[in-house]
Amino acid sequence: EAAVTQSPRSKVAVTGGKVTLSCHQTNNHDYMYWYRQDTGHGLRLIHYSYVADSTEKGDIPDGYKASRPSQENFSLILELASLSQTAVYFCASRADRGYTEVFFGKGTRLTVV
Amino acid sequence: AQSVTQPDARVTVSEGASLQLRCKYSYSGTPYLFWYVQYPRQGLQLLLKYYSGDPVVQGVNGFEAEFIKSNSSFHLRKASVHWSDSAVYFCAVSAYSNNRIFFGDGTQLVVKP
């Protein structure tokens, strides 16, 4: 069973502070994604990566950085957290493009106060 | 690029009734189509996927979907819903030419006892 582990599972951060959300996959997948989900809304792509040491911008990259130091690990960094970044964040991985399944982590609930 | 439209934000059905959740995609090439389900406070899980062959594809827990190319649709169906089917359902489209997978905004299914 493919596994994507996110940490922490929930976090309260102070406005203006730095937040790092971590994602680890044991699937040997090349592709990793960070999504944001606001209450009652769908998924919005923040950043993604298809190879270690390289990241790509998604649809809403402003205010977020990503880091892929290895195939297994993919972090999302909020340098200056803002109230508007309160949301649930999902990490996901997939083996390849096209027809392959995306495997999701359980999510990180971030509250910025 | 690809896109997905799920026109119904919320669908309410009675337990035991049949269900159809609508999905329309936009892509000029050959799409890879997916349905995912999200239970409360969890990540998304794959229900079924389709690429080619029989246009009616079976998934887990009695769900099926029908691909209608002429209508660019991939509607999800179930003959008889159970209260445990209450969740948010996402339709998604991917292509081998693209590193991404595009999700619709989701449809929240409420099953009434």
(request) Pick out, in residue order, every one of the GluC sites (Glu not before Pro) in segment B:9-72 that is DSSP loop and has at most 16 other C-beta atoms within 10 Å; say none if there are none. (result) B:GLU15
(request) Run the quick spin-label model on B:VAL11 and A:ARG9: label points 7 Å from Cα toward the beta carbon, then report their separation in nm to one decimal. (result) 3.1 nm
(message) For segment A:36-113, which GluC sites (Glu not before Pro) pass both filters: DSSP loop (anything but H, G, I, E, B) and at most 12 other C-beta atoms within 10 Å?
(response) A:GLU79
(message) Give me the net charge for the shell around B:ILE101: Cβ to Cβ below 9 angstrom, other residues only, Lys and Arg +1, Asp and Glu -1.
(response) +3
(message) Please list, by residue number, every one of the trypsin sites (Lys or Arg not before Pro) in segment B:1-52 that is coil in DSSP and has at most 14 other beta-carbon atoms within 10 Å.
(response) B:ARG41
(request) Pop a pseudo-label 7 angstrom from the Cα along the beta-carbon direction at both B:ARG22 and B:LYS112 and give the gap in nm to one decimal. (result) 2.1 nm
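Over 30 Å between Cα atoms: which of A:LYS106/B:LYS49; A:LYS65/B:LYS24; B:LYS69/B:LYS112; A:LYS11/A:LYS57 fall into that group? Don't jump to the answer; show the numbers that get you there.
Working: A:LYS106/B:LYS49 21 Å; A:LYS65/B:LYS24 32 Å; B:LYS69/B:LYS112 33 Å; A:LYS11/A:LYS57 24 Å.
Over 30 Å Cα-Cα: A:LYS65/B:LYS24; B:LYS69/B:LYS112.
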(message) Just checking the output field for A:94-107: average partner chain Cβ neighbours within 10 Å of each residue's Cβ?
(response) 6
(request) Enumerate the amide H contacts of B:ALA17 below 5 Å, restricted to partners 5 or more residues apart or on another chain; note that Pro and chain-start residues carry no placed amide H. (result) B:VAL81
(message) Among B:55-61, A:87-93, B:98-104, how do they line up by average Cβ neighbours within 10 Å per residue, starting with the highest?
(response) A:87-93, B:98-104, B:55-61
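Efficiency by 1/(1 + (r/R0)^6): what FRET value for A:SER82 and B:TYR51, r their Cβ-Cβ distance, R0 = 35 Å, to the nearest 0.05? Spell out each step's value before the answer.
Numbers: r = 41 Å, r/R0 = 1.16.
It comes out at approximately 0.30.
Here, each number is a calculation from the coordinates, and none is a lab measurement. Quick caveat, the model's predicted, so the values are computed rather than measured. Here Cβ is always computed from backbone atoms with ideal geometry, including for glycine, and neighbour counts include all displayed protein chains.
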